[in-house]
1. Does a label point 7 Å from the Cα of ALA60, set along Cα-to-beta-carbon, have any residues of the stretch 24-45 with amide nitrogen under 20 Å, and which are they?
2. With a 10 Å radius around each residue's Cβ, average the other Cβ atoms per peptide and rank 60-67, 24-31, highest first.
3. Rolling a 1.4 Å sphere over the protein heavy atoms, what is the accessible area per residue of the chain, to the nearest Å²?
4. Rank these residues by their accessible area, most exposed first, probe 1.4 Å: GLU45, GLU83.
5. Given a 1.4 angstrom probe, I'd like the percentage of the accessible area of the chain that is carbon and sulfur, rounded to a whole number.
6. What is the local net charge at ILE30, summed over the other residues whose Cβ is closer than 15 Å to its Cβ (Lys, Arg +1; Asp, Glu -1)?
Amino acid sequence: GGPGMFRHPCGVAFSREGLIVVADQGNCRIQILNQMGNFLRCFGERGTAPGQFQLISSVALSPHGDFVVADVGQKLVHLFSCEGVFAQVLGGPARERDGEAPESKPVSA
């Protein structure tokens, strides 16, 4: 879809200035709207490179106005400046056994 059109909006956040920030999962982008809901700008695209999205699940804003985007498709979090410029990737896919209890082993007497 074109600017201001959504294929699967899955998260919304608000800036200190009152801008509406929408995580558009289907279009693999973040869209920014003014207080009246009019399109201002967007960033992001489908891909696997840093700053590209596979399956956006949510968006949030840091106290400084930076965008924090969770990507469940790549199992990581992207950080973008308040202008929408990619800054860094946080985390990454966990190993298969992370978070699981260790296997129990019989104890010999």
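The values are calculated or read from the model by the stated rules, or taken from the named source; none is laboratory data. If you're wondering where the values come from, they're calculated on a predicted model, not measured in any experiment. Virtual Cβ from ideal backbone geometry, glycine too; neighbours counted across all protein chains shown. SASA here: full protein model, heavy atoms, side chains in, ligands and nucleic acids out. Shrake-Rupley method; radii C 1.70, N 1.55, O 1.52, S 1.80 Å.
1. It comes to 24-25, 29-32, nothing else.
2. The packing order, highest mean first, is 24-31, 60-67.
3. Ligands and nucleic acids excluded, the result is 63 Å² per residue.
4. The ranking, largest first, comes out as GLU83, GLU45.
5. Using a 1.4 Å probe with all protein chains present, the chain comes out at 55 percent carbon and sulfur.
6. -1
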